[in-house]
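Visitor: Just dropping this structure here.
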Amino acid sequence: QVQLVESGGGLVQAGGSLRLSCAASGSINSINNMGWSRRIPGKQREFVAGITSGGATNYADSVKGRFTIDRDNAKNTFYLQMNSLKPEDTADYYCFALRGLLKYWGQGTQVTVST
């Protein structure tokens, strides 16, 4: 089992920044890919950003150039730095981790961007 705990959500004005954290614990040795998804109110969950064990990253088009995913292997934690936030980024953000064929999710953290 892998446990993921997010933190860092909150309320921010448009144009502001937030940094989300996701701390992993448990059977983390075989984790390969990690990332973030979000659920915008009234919409399905969507992919935001991912990072491989080798450090390769990919992003949804809607966040490219504004969001950055990175990881600190020593702390078993990965992050989502969100800059130039827009009201349409308002969502519940979930971190995930892939371990073989299994996908683990965090409990979610709410991000609200006001105008």
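Visitor: Within region 8-46, take every residue that is under 10 Å from the mean Cα position of the chain (by Cα) and within 15 Å of LYS75 (Cβ to Cβ) and give me the one that is most open to solvent (accessible area, probe 1.4 Å).
Guide: ARG19
Visitor: Turning to a different aspect of this structure: Anything in region 51-91 that is over 20 Å from VAL12 (Cβ atoms), touching a residue at least 40 places away in the same chain (Cβ under 8 Å) and of a type in the set (Val, Ile, Thr)? List them, or say none. Steps first, please.
Guide: First, the residues of region 51-91 that are over 20 Å from VAL12 (Cβ atoms): 51-58, 61, 71-78.
Now restrict to residues that are touching a residue at least 40 places away in the same chain (Cβ under 8 Å): 75-78.
Answer for region 51-91, where residues must be over 20 Å from VAL12 (Cβ atoms), touching a residue at least 40 places away in the same chain (Cβ under 8 Å) and of a type in the set (Val, Ile, Thr): just THR77.
Visitor: Restricted to region 52-64, and to residues that are part of a loop (DSSP other than H, G, I, E, B) and among the β-branched types (Val, Ile, Thr), which residue is surrounded by the most Cβ atoms within 10 Å (Cβ to Cβ)?
Guide: The residue in question is VAL63.
Visitor: Could you check, for region 65-82, whether at least one of its residues is assigned to a loop (DSSP other than H, G, I, E, B), modelled with pLDDT under 95 and open to solvent by 80 Å² or more (accessible area, probe 1.4 Å)?
Guide: No, there is no match, as no residue in region 65-82 is assigned to a loop (DSSP other than H, G, I, E, B), modelled with pLDDT under 95 and open to solvent by 80 Å² or more (accessible area, probe 1.4 Å).
Visitor: Do we have ASP61 as modelled with pLDDT of 95 or more and acidic (Asp, Glu) here?
Guide: On the way: modelled with pLDDT of 95 or more: yes; acidic (Asp, Glu): yes.
Considered against the rule, which asks whether it is modelled with pLDDT of 95 or more and acidic (Asp, Glu), ASP61 comes out as yes.
The values are calculated or read from the model by the stated rules, or taken from the named source; none is laboratory data. This one's a predicted model, so the numbers in the text were calculated from it and none came from an experiment. All Cβ positions, glycine included, derive from the backbone under ideal geometry; neighbour counts span all protein chains shown. Note: areas computed on protein heavy atoms with side chains; ligands, DNA, RNA excluded. Shrake-Rupley method; radii C 1.70, N 1.55, O 1.52, S 1.80 Å.
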